[in-house]
Amino acid sequence: QVQLVESGGGLVQAGGSLRLSCAASGRTFSLYTMGWFRQAPGKEREFVAAFDRSTSTYYADSVKGRFTISRDNAKNTVYLQMNSLKPEDTAVYYCAAGLKSDRPVLTWQYDYWGQGTQVTVSS
């Protein structure tokens, strides 16, 4: 069992930055692929970024070049650095963990989810 707790969301103006953190419980954090997803009101949850256990990273086209995912296995934490934020980045951001690592860009590939953190970007 893995428990995930996100933090770092908030309100920011367009062009600004935020860093989200996701702290995971458990001793086998390094074995998990860690991902970030987001869900805007009235929309489906969508993939944002992932960092698998072989240190490969994946990004949605909409965030490539602006967002960076990283992980600190010693701290059981994964981060999402978000720069050049746009109003369309407004959503609840969810951290997820799973053992699948073959292009982990789909929600069903993840077994554990955090409660989400709100990110609001004003224009």
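Consider region 1-21. How many of its residues are of a type outside the set (A, V, I, L, M, F, W, C), part of a strand (DSSP E or B) and farther than 17 Å from residue 70 by Cα?
Residues in region 1-21 being of a type outside the set (A, V, I, L, M, F, W, C), part of a strand (DSSP E or B) and farther than 17 Å from residue 70 by Cα: 2 in total.
From the list 113, 108, exactly one residue is without any contact (Cβ under 8 Å) to a residue 12 or more places away in the chain, aromatic (Phe, Trp, Tyr) and at negative phi. Which is it?
Answer to the check: 108.
Of the residues that sit in region 21-33 and are at pLDDT below 95 and not polar (S, T, N, Q), which one is nearest to the chain's Cα centre (by Cα)?
Going through the qualifying residues, I end up with 32.
Suppose the filter is under 19 Å from residue 111 (Cα atoms) and in contact with a strand residue (DSSP E or B) (Cβ under 9 Å, 6 or more places away or on another chain); does residue 44 pass it?
no
For residues that are open to solvent by 30 Å² or more (accessible area, probe 1.4 Å) and farther than 18 Å from residue 62 by Cβ, scanning just region 10-20, find the one that is nearest to the chain's Cα centre (by Cα).
19
The values are calculated or read from the model by the stated rules, or taken from the named source; none is laboratory data. Everything quoted here is computed from the prediction, not taken from an experiment. As a convention, Cβ positions derive from the backbone with ideal geometry for all residues, glycine included, and neighbour counts pool all protein chains shown. What goes into the accessible areas is simple: the full protein's heavy atoms, side chains included, and nothing from ligands, DNA or RNA. Shrake-Rupley method; radii C 1.70, N 1.55, O 1.52, S 1.80 Å.
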